[in-house]
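No value in this document is a laboratory result; all are computed from the given coordinates. Remember, it's a predicted structure, so these values are computed and weren't measured experimentally. Positions of Cβ are backbone-derived with ideal geometry, glycine not excepted, and every protein chain shown enters the neighbour counts.
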Amino acid sequence: MTEQGDDRPETHQLSRLAELANAPVATVQPKPAPEPEPADEAAATARRDFARLLGEFRRTAVLVPFDDHESLWTADFNGVRWICAFSDEEALARFAVARGDAEREWTYRTILGARLLDVMVPMLPGPGGVALDAGSADGVLFPPVAGVVPDAVAVDLGGTETGAGTR
């Protein structure tokens, strides 16, 4: 036995430590982290790309044409009203040509993307988003979902409102 306060191991403990010291050491290879699924990686990349695009859109002034009633030009599709916005006059002109309305005068206003999403979309009657460069190969939709529009007017993928507000 050891004296009280004596930290030295007893003899049988020393022999056991010697046994353990001479025993073969089993090596355990840590499991490698699972490789991300290609679909998961692609989805994560797409989410990051969209977040960057959304941030850029929010900081950019875009052209928003007016309709014949001097309201923002909108289009209804699948129960969502889309404010049509254009990155520049050339994109607006291509839209006018594609619609067969190239001869009419297009009145438009320059509006910051954040203002469209945060102020104008909530004023729409029902779910709404922004269609940037509608009808072009580079067109982008900013849908009425949380993180894009204010939560009070966002809808989930099932089509129900996520916020407490109604429109």
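Annotation for the range 36-139: trypsin sites (Lys or Arg not before Pro) lying in DSSP loop with at most 16 further Cβ atoms inside 10 Å of their Cβ are R104.
Per-residue Karplus couplings for the range 138-149, computed as 6.51 cos²θ - 1.76 cosθ + 1.60 with θ equal to phi - 60°, are listed in order as 9, x, 9, 9, 10, x, x, 10, 4, x, 10, 10 Hz, Gly and Pro entered as x.
For the range 61-153, the relative contact order comes to 31 percent (Cα pairs under 8 Å, sequence separation of at least 6). Cα-based values for the range 35-82, radius of gyration first and Dmax second, are 16.9, 55 Å.
Annotation: amide H-H contacts under 5 Å for A146 (H modelled 1.01 Å from N, sequence separation of 5 or more, or interchain): V155.
Rg/Rh, computed from the Cα trace of the range 61-153 with Rh as the Kirkwood radius, has the value 0.95.
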